[in-house]
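Engineer: Take this structure first; my questions come after.
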Amino acid sequence: MPARPPVPPFTVESATHKVRMAEDAWNSCDPDRVVQVYTEDTQWRNRSELPLGREQVAG
């Protein structure tokens, strides 16, 4: 998986930018955009469900 800027080492400005991008994705309420913030092998817990990976999380 290729790295997406900004990448470490972070400055205060680049760290703030990265956090804002994640917040903007989450606030969009678009599942396809939200899952891009997480790793491909992400594991979530949603009540009794345990989706694994971006596809299951978005679905």
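Engineer: What ranking do Val35, Val12 get, fewest neighbouring Cβ atoms within 10 angstrom at the top? Could you put the intermediate results ahead of the total?
Structural biologist: On the way: Val35 21, Val12 7.
Least crowded to most crowded, the residues run Val12, Val35.
Engineer: Report the full-extension gain for the segment Val12 to Arg33: residue separation times 0.36 nm, less the Cα-Cα distance, to one decimal in nm.
Structural biologist: Numbers: separation 21, 0.36 × 21 = 7.56 nm, distance 2.45 nm.
Going from the current span to full extension adds 5.1 nm.
Engineer: On to the next question. Give me the extension gain from Trp44 to Ala58: residue separation times 0.36 nm, minus the current Cα-Cα distance, reported in nm with one decimal.
Structural biologist: Working: separation 14, 0.36 × 14 = 5.04 nm, distance 1.07 nm.
Contour length minus Cα-Cα distance gives 4.0 nm.
Engineer: Per the helix-only calculation at 222 nm, which mean residue ellipticity applies to the chain, given -39500 (n - 2.57) for every DSSP H run of n ≥ 4 and division by its residues, nearest 500 deg cm²/dmol?
Structural biologist: -12000 deg cm²/dmol
Engineer: Sticking with this one: With an 8 Å cut-off on Cα pairs and a minimum separation of 6 or more residues, tell me the relative contact order of the chain in percent. Intermediate values should be presented prior to the final figure.
Structural biologist: Working: 41 pairs, mean separation 12.8, N = 59.
Reported as a whole number, the value is 22 percent.
Engineer: Here's something else I'd like to know. When the Cα atoms of the chain are enclosed in a convex hull and the volume is divided per residue, what value in Å³ results? The partial results should precede the final answer.
Structural biologist: Values: hull volume 5.6 nm³, N = 59.
Once divided by residue count, the hull of the chain is 95 Å³.
Each value in this text was obtained by applying a stated rule to the coordinates, not by laboratory testing. The shown structure was predicted, so the numbers you read here are calculated from the model rather than taken from an experiment. As a convention, Cβ positions derive from the backbone with ideal geometry for all residues, glycine included, and neighbour counts pool all protein chains shown.
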